[in-house]
Structure formats: C-alpha cells, structure tokens
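The values are calculated or read from the model by the stated rules, or taken from the named source; none is laboratory data. Just so you know, these numbers come straight off a predicted model, no measurement behind them. We place every Cβ from the backbone using ideal geometry, glycine too, and count neighbours over all the protein chains shown.
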Amino acid sequence: MTQTPKRRTARVAGGFLIATFVGALGCFVGCSTPSDSSSSAPQQVTIPQERILDVKLDGSALKVIGAYVPQSTPTGVQPTPGPGTLDWTFTAADGTTVRGTVADGRTSESEFAPSGTSARAEVSQPWMVFSARVPSTAGTFAVPLTGASVSLGAVTQVSASAPVASDGSTLSPAPSGTDAPPDGVRKLRDSSATCPFNVLIVPEAFTDMGAFRTRAEQVANDIVTSSEYGTYASGFVFWSQDFVSRDGSIFDPGDNRAKSTAFGVSFGSGDPNSAERRIIYPRNALSDETTNRLRTGARYTKADIILIIVNTPEYGGVKSQFLGITYVTVTNNAQGNRVILHEMGHGLLSLADEYTDGTCDRSRVESPNTSARLDALPWKDMVTPSNPLPTPQGTAGVGAFEGAAYCTTGVYRPAHTCLMKELSTGFCPVCARQLRNVFGPRSSGGDAGASDAGGSDSGGGLVNGGDGGGLYNPGGSLVCPTRALF
Ligand SMILES: [Zn+2]
C-alpha cells in the first residue's frame, strides 16, 4: 500500500515535546563539531554530532555491535534512573562525560499460571542488548554497575555508513527504511495507517519456515480479530523474520539433551506444573550472528514489539527487552495468545499490572490504570457516579478497587477485573480508553496525531511516554514514535 505522509498543523503539546527532546538530547558536547586527531583514515568526512551505539552486555563483557548516525529525532521517552534501569556513561577524549539510562533487560518475567491467574516469576540472565545515543567522538563507553567498559578510541566516525571498531573491524550500521528488506524479513499484513504499530514475529525451534509463517499468520490474525484489539486492526503491521533452527524442539532440563535452536530458548527447570518450568527464555546471550540479524530485522521493521514463537504446545513464556523493545516468548498454546494481548497492554499501551503479588514498590504505582491517589485518580472522569471511593470489591462499573500494581493495600485499579489483572477477561473501561487513545490515532490514515481531537479523552497519545500519534516535525514530515532509538 502506498502511504502518503500528510502535513499537519502542529499541536502545542507536540511542538513542545520536540523542543524538549532537542534541548535534552540533541547536542551533547557543547554542540561543537568534535575534532578528531586519532583517526588515520584517509578520507575524513564531516563528523555528525551524534551516533547511536548498539551494545551487547554479557556478564561484565561489553561489546559495541553497531554504530550509526541517527535517522531521526528521538520520539520515545528515556527511562528515569531507578529500580529496573541501568545507567551508562560515555567519556569523551576531552574528559566530557554524558550519562544515560536504559531499561535493564537482564530480567525475564513470566506473569501467568496456565489457569490464567496471575503468578509472577522472574529470572535473571546475565545478558542484554541495548542502544545508547552518544556524542560522535572518540571516547569510552561504560556500564559502571558491572564494571564493564569498552574504549571507543578508534571508533571515530570517519564515515556515516561504516564506523570502524577499535579492532579495525567495520561495525554494521542500521538499515535504512528505504533499503530492500533484510534477508528473511517479510511483511505478513500491511496497513494504510500513517503510524501503525509494527509487530515482528520470529521463530524458535522451527526447522520449516513455511510452518513458522503459517503459525505467525495465525497469531497475527488472532490479535486483529480479538475482542480487545479488533477495532484497531488497521493499527497493526505484522512482519515475520526467518531464523532456521536445526532442532525442532527446545532444550528441556528434564531430559537434558542438547539442542541447537536459533535463540537457545529453554524450558525452566522444575516439574511440569511449576512456575519455574514455564519460564521459557534464551538462557545464554544470543550469538553475534543472531543478535545482528534480529537487530537488523527490528530496526528495518521499526518493531514496537517482538514476538518469539516457540515451537512447543506446552504453556509458557516470558517478556523481556531487546534494544529497548519489549519481546515476548510465547508457545503454540492458546492461552499464550491471551498472554500476548496482556503484554501488548504493557508494551504498546503503557498499562500497569492490576494484580497483586506482594512485590509492591510504592514509588512505581502511578500509571493510566493504577494509582495511589484516591483524590486524583487518572480515570476520575470515568468513575460511576454511584460508586463510593474506595469501591467495594465486586461492585459493577468504574471506581477505585484496592489492590493493584502488586500492592494489596493503598493502590487502586479502575474496575473489579480486567485483562491487566487476569487473562480470562477483556480490558476494563479505563484500559479500553487507553487503547482508544493510543490506537485511535495510529490506526487511521493521514492525519495521525490529531484524529481524535474531537473526543473528550486526552489526545493523540503524547500522554504516557509518547505512545501515541505522530509528532509534528518542524521539517514538515510526520514522525512516527518508535520504541527503540533509530
Ligand atoms: Zn484495566
């Protein structure tokens, strides 16, 4: 389908946001062109002011796997330092240090028991892949938490397309959206929306890519025909990327037979009904080749979420992070599709969990659908007038039901039940409104960011971390928000 970007009038909020980001991120070291005396490259070109580094952290080993010139102004929101985040520093040759924060992707989390009720279990892996936007100058990149650092002294930006690593090798730049699709990447389902959400589906333990794509099409179809997201079917583009595995099943600690699969995903240990067993995740860092292929696929497709379809009928899966993008491992199990819909609530809609499990962190309970502020609920305009606050459990309508965001007391959710609380139900009215706010603009063609301007809801998605509609770019074109740095 042909997409015709349309110019639109800047909304005040959008313009402000852009200005804020440019001020915060647009220039690091005094905005001067860095001088470069360390490069011996014969053909030195003008040095861009910034580049994006893709970094693989494995234990205390840090490796820059790609470096390239940003294609656009960042439209996502950087995480704020705190629990669940990791800080990095970049120290330029002149001693100037810039700092950044990324979501700590070294945790894989499983949320639901096979019955569909919440049963959170976490596991730590030593590795993650993330991006950082740094000044385009020689320097040292470090993640102080692990003591890991890598000198970028020779990664001088002599060319926009082919940065050179300290060992002399060429770092692979990210693909441009106008390039031909990378090998094995296919568009399964298109959209005429201006800023649709891109879902990248990849296979684990599939030996037959035809069988994988059939399964991927089923998953895509299940999402766009679900009662939750069906109204916004045109807000999705689905992609598949082939990864061939030698073995057609994943490693099982129960039989301990070695397996060779694309992502090295394994069942957890424990008996078949245990929480540990269903934590299905890549135990070891992805190989450089797999990392690079997935990185290339995710960037090319501008993936907002990555689904790793694991070839087993047994229930299980986790969510984690790759390049700042939520990824979900999910099996060929019907209940797994409900998990996807829930995880998209996190990954695409910025919704919080409404269940309780005793791991309450009161500094992190405010979200569109959870709040400790009875007098200033984010959904106060939707409260059923006859409902008291707090609202007794089991009451119909919208109110403030105690118990949410893992806290049993003092934190409230909008309705007795919701997909963000258990898998067997749909979105509550408040989460449904969030879906409408975010997907409404992004499932329409043309004037993406402003299309819901007539409604009473807070507008085109600049709420809650830039999830929503397109942002006005002073240059005149519509910039669609992205999950990762591009
Ligand atoms: Zn809800």
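Data overview
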quantity: Tally, over the stretch 265-288, of residues that are free of Cβ contacts under 8 Å to residues at least 24 places away in the same chain and under 21 Å from the mean Cα position of the chain (by Cα); calculated: 1
quantity: Meets criteria (touching a Lys or Arg at 6+ places or on another chain (Cβ under 8 Å), within 30 Å of CYS480 (Cβ to Cβ) and within 16 Å of the ligand (Cβ to nearest atom)) for GLY324; calculated: no
quantity: Residue ID - farthest from THR425 (Cα to Cα), chosen from residues in the stretch 209-264 that are small (Gly, Ala, Ser) and in contact with a strand residue (DSSP E or B) (Cβ under 8 Å, 6 or more places away or on another chain); calculated: ALA258
quantity: Qualifying residue in the stretch 285-294 (condition: in the same structural domain as GLY324 (by TED's automatic domain parsing) and farther than 30 Å from PRO70 by Cα); calculated: no
quantity: Index of the failed condition, PRO81 passing every other in (1) assigned to a loop (DSSP other than H, G, I, E, B); (2) under 30 Å from ALA334 (Cα atoms); calculated: (2)
quantity: Any chance THR356 is touching a strand residue (DSSP E or B) at 6+ places or on another chain (Cβ under 6 Å) and more than 12 Å from the ligand (Cβ to nearest atom); calculated: yes
quantity: Residue that is surrounded by the fewest Cβ atoms within 10 Å (Cβ to Cβ), among those in the stretch 111-130 that are small (Gly, Ala, Ser) and in contact with a helix residue (DSSP H, G or I) (Cβ under 9 Å, 6 or more places away or on another chain); calculated: SER115
quantity: Residue within the stretch 385-392 that is surrounded by 19 or more Cβ atoms within 10 Å (Cβ to Cβ) and either within 30 Å of SER234 (Cα to Cα) or within 12 Å of the ligand (Cβ to nearest atom) (or both) present; calculated: no
quantity: In the stretch 401-425, residue nearest to the ligand (Cβ to nearest atom) [restricted to those that are among the aliphatic types (A, V, I, L, M) and in contact with a helix residue (DSSP H, G or I) (Cβ under 6 Å, 6 or more places away or on another chain)]; calculated: MET420
quantity: Output for the stretch 259-271, where each listed residue is surrounded by fewer than 13 Cβ atoms within 10 Å (Cβ to Cβ) and within 25 Å of ALA121 (Cα to Cα); calculated: SER269, ASP271
quantity: First in the stretch 204-226 and touching a residue at least 40 places away in the same chain (Cβ under 8 Å), second anywhere and assigned to a helix (DSSP H, G or I) and of a type in the set (Phe, Trp, Tyr), Cβ under 9 Å, 6 or more apart; calculated: PHE206/PHE212
quantity: Every residue from the stretch 288-308 that is loosely packed, with under 14 Cβ neighbours inside 10 Å and farther than 15 Å from PHE130 by Cα; calculated: GLU289
quantity: Looking only at the stretch 426-445, and only at residues there that are part of a loop (DSSP other than H, G, I, E, B) and near the ligand (Cβ under 9 Å from one of its atoms), the one that is farthest from GLY347 (Cα to Cα); calculated: CYS428
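Table: residues versus (1) assigned to a helix (DSSP H, G or I); (2) closer than 30 Å to THR290 by Cα.
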| site | (1), (2) |
| --- | --- |
| THR329 | no, yes |
| ASN337 | yes, yes |
| GLU343 | yes, yes |
| SER350 | no, yes |
| ASP353 | no, no |
| PRO378 | no, no |
| PRO385 | no, no |
